[in-house]
1. Please work out which one of (1) in a helix (DSSP H, G or I); (2) open to solvent by 10 Å² or more (accessible area, probe 1.4 Å) is the condition Met48 fails and give its number.
2. For segment 123-147, name all the residues that are within 16 Å of the ligand (Cβ to nearest atom) and farther than 17 Å from Phe110 by Cβ.
3. Pick from segment 15-45 the residues that are part of a loop (DSSP other than H, G, I, E, B) and more than 19 Å from the chain's Cα centre (by Cα): which of them is nearest to Ile71 (Cα to Cα)?
4. Going residue by residue through segment 58-65, is there one that turns out to be in contact with a Ser or Thr (Cβ under 6 Å, 6 or more places away or on another chain) and near the ligand (Cβ under 10 Å from one of its atoms)?
5. Only residues that are within 21 Å of Phe221 (Cα to Cα) and either within 12 Å of the ligand (Cβ to nearest atom) or open to solvent by 60 Å² or more (accessible area, probe 1.4 Å) (or both): list them for segment 175-200, please.
6. What helices (runs of 4 or more DSSP H), lying completely within segment 107-170, carry at least 3 residues that are modelled with pLDDT of 95 or more, in the same structural domain as His277 (by TED's automatic domain parsing) and buried (at least 17 other Cβ atoms within 10 Å of the Cβ)?
7. Determine, yes or no, whether Glu92 is open to solvent by 50 Å² or more (accessible area, probe 1.4 Å) and either in the same structural domain as Pro248 (by TED's automatic domain parsing) or in contact with a Phe, Trp or Tyr (Cβ under 8 Å, 6 or more places away or on another chain) (or both).
8. Take Ile93 and tell me if it is assigned to a helix (DSSP H, G or I) and of a type in the set (Val, Ile, Thr).
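The values are calculated or read from the model by the stated rules, or taken from the named source; none is laboratory data. Just so we're clear, the structure is a prediction, and the values are computed from it rather than from any experiment. Ideal geometry is used to build each Cβ from the backbone, glycine not excepted, and the neighbour counts take in all protein chains shown. Accessible surface is based on the protein model in full, side chains and every heavy atom, while ligands, DNA and RNA are left aside. Shrake-Rupley method; radii C 1.70, N 1.55, O 1.52, S 1.80 Å.
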Amino acid sequence: MTLHKFFQPENVSIQKVHYAGLIFDVLRLDKIHTTASGNKFFKLKHNMLEAKNQEKEVLLTFGGAFSNHIISTAFAAKACGFSSIGIIRGEEIENPVLSLAKEQGMQLEFVSREQYRDKYNPGFIQELRARHGDFYLIPEGGTNHLAVKGTEEINDLIPSVYDLICISVGTGGTIAGLINSKKEHQRILGFSALKGSWIEKEVDEWINGENNWQINQENHFGGYAKWKPELIDFINDFYQKTGIPLDPVYNGKMMYGLLNLWKKGEISSDHNVLAIHTGGLQGIIGFNHRFGNLINT
Ligand SMILES: *Cc1c(COP(=O)(O)O)cnc(C)c1O
């Protein structure tokens with residue numbers, strides 16, 4: 001498949017939702033492809049065009065054993081005719097996420113947590129080149145300038161009637177693109193999936209001084225991939241009532257946070273709210289594999 005064809009954002013829809021008294025819309029980026037879905041698709045686009053430009057044949061990237069970025073890279077690489085290598089944090093294991101990546105032809109290499117922390121060290125990159133030959137490097141989580149250029153294009157799918165746009169935040173690359181491309185009257189509200197107040201500074205690095213955005217840091221449930229039964233109950237209830245599946249790492253927390261603010265009266269029904277579903281639904285498979293089948297599918 002050609003890159004340009006693969007990176008047409010097809011099947012995206014806007015779904016109206018009534019839940020717990022709030023009426024709002026959901027932008028279903030999770031419908032783009034099946035596995036390389038959601039925001040990662042936008043983050044990969046210009047990196048893969050650049051890799052083609054540089055006539056690279058191999059993409060190499062980094063991630064944890066349950067990383068959405070790993071799986072999206074594996075899927076997009078295969079579809080666009082690249083080989084791919086995933087450098088995975090921690091000792092060798094098998095799980096459904098890594099199996100999916102392998103099915104897409106990704107070659108996995110496991111490195112110790114210590115080595116992983118040092119992954120951008122030029123000496124280590126050189127070692128990787130000695131082992132694997134030449135490659136185009138995409139950072140962990142996929143966030144770099146070309147990724148933000150891609151996430152700015154999400155705005156093409158957002159009608160200007162919305163004045164409050166909600167998005168899940170990990171490394172901040174996706175919200176940065178939304179902030180850069182938003183219209184004057186639009187406010188971007190991020191919900192951090194991680195614990196750590198450095199995230200706003202991180203986002204500042206990727207934007208050009210725009211304001212009218214915030215990152216809510218009160219709905220991370222203890223940190224990245226941490227959860228409580230309350231979150232899982234919410235995800236199951238939301239799915240049952242709206243038909244929209246939410247992953248427990250990102251979108252479950254964003255949606256929970258949005259409804260929390262609504263309950264507290266911090267969002268009023270005068271707002272025209274759009275929540276962006278960033279995909280990552282394989283996170284449900286990974287979660288159910290680790291903790292028992294708690295999330296209904
Ligand atoms: C990676 C990811 C995010 C976070 O994106 P960042 O650009 O890292 O902030 C949100 N949702 C899903 C489903 C993801 O996979």
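1. Every listed condition holds for Met48 apart from (2).
2. Passing the criteria: Ile138, Pro139, Gly141, Gly142, Thr143, Asn144, His145, Leu146, Ala147.
3. Ala20
4. No: segment 58-65 contains no residue that is in contact with a Ser or Thr (Cβ under 6 Å, 6 or more places away or on another chain) and near the ligand (Cβ under 10 Å from one of its atoms).
5. Ile175, Gly190, Phe191, Ser192, Ala193, Leu194, Lys195, Ser197, Trp198, Ile199, Glu200
6. The qualifying helices (runs of 4 or more DSSP H) are 145-151.
7. Spelling it out, Glu92 is indeed open to solvent by 50 Å² or more (accessible area, probe 1.4 Å) and either in the same structural domain as Pro248 (by TED's automatic domain parsing) or in contact with a Phe, Trp or Tyr (Cβ under 8 Å, 6 or more places away or on another chain) (or both).
8. no
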